[in-house]
Amino acid sequence: AAAYTTKYDNIDLDEILHNDRLLNKYHECLLADDDASCTPDGKELKAAIPDALTNECSKCNEKQKNGAEKVFRFLIKEKPDLWTPLETKYDPSGSYRQKYADELKRVSA
């Protein structure tokens with residue numbers, strides 16, 4: 001399986017997470033049914049999420065895994081109002097919440 005692109009690996013996640021305007025823009029992209037509101041990196045992320053959830057992020061490099069964990073931790077702890085709709089969209093049956101229960105517990109501790 002081909003790895004995900006590393007083109008966006010140097011994006012400053014802290015800058016996005018701590019800027020409501022930027023964060024809300026990504027959030028809007030990830031929840032939208034189309035890609036009209038997405039930046040190029042947002043579109044790439046949105047396309048990768050279902051596969052990453054299904055395959056334990058097997059195509060992610062270490063930096064991408066750490067970045068995902070950082071984003072999850074931030075959203076779960078600081079922005080549950082943003083996290084919940086993402087869970088609803090990308091995990092409607094709750095199967096990933098069960099599959100990743102240990103990881104979720106760890107990042108939300």
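Would you call Cys60 surrounded by 17 or more Cβ atoms within 10 Å (Cβ to Cβ) and not in a helix (DSSP H, G or I)?
yes
Among the candidates Leu17, Leu22, Leu13, single out the residue that is touching a helix residue (DSSP H, G or I) at 6+ places or on another chain (Cβ under 8 Å) and surrounded by 15 or more Cβ atoms within 10 Å (Cβ to Cβ).
Just one listed residue meets the conditions, Leu17.
Could you please let me know if Glu28 is under 14 Å from the mean Cα position of the chain (by Cα), surrounded by fewer than 17 Cβ atoms within 10 Å (Cβ to Cβ) and outside any helix (DSSP H, G or I)?
The answer is no for Glu28.
Quick one: would you say Ala47 is under 25 Å from Thr5 (Cα atoms) and within 13 Å of the chain's Cα centre (by Cα)? Working first, answer last.
Numbers: under 25 Å from Thr5 (Cα atoms): yes; within 13 Å of the chain's Cα centre (by Cα): yes.
Yes, satisfied.
If the Cβ limit is 9 Å and pairs must be 6+ apart or interchain, which residue in the stretch 91-103 that is modelled with pLDDT under 95 pairs with which residue that is small (Gly, Ala, Ser)?
none
Name the residues in the stretch 63-77 that are touching a residue at least 24 places away in the same chain (Cβ under 8 Å) and surrounded by fewer than 16 Cβ atoms within 10 Å (Cβ to Cβ), would you?
Lys63, Glu69, Lys70, Lys77
Applying the selection to the stretch 64-90, what residues are modelled with pLDDT under 95 and either among the basic types (Lys, Arg) or not in a helix (DSSP H, G or I) (or both)?
Of everything in the stretch 64-90, those that are modelled with pLDDT under 95 and either among the basic types (Lys, Arg) or not in a helix (DSSP H, G or I) (or both) turn out to be Lys65, Lys70, Arg73, Lys77.
Across the stretch 1-22, what is the total count of residues that are in a loop (DSSP other than H, G, I, E, B) and touching a residue at least 12 places away in the same chain (Cβ under 8 Å)?
First, pick out the residues of the stretch 1-22 that are in a loop (DSSP other than H, G, I, E, B): 1-12, 18-19.
Imposing the further condition that a residue be touching a residue at least 12 places away in the same chain (Cβ under 8 Å) reduces the set to 1-9, 11.
So the answer is 10.
The values are calculated or read from the model by the stated rules, or taken from the named source; none is laboratory data. The structure displayed is predicted, hence computed values, not measured ones. Note that we place each Cβ from the backbone using ideal geometry, even for glycine, and neighbour counts take in every protein chain shown.
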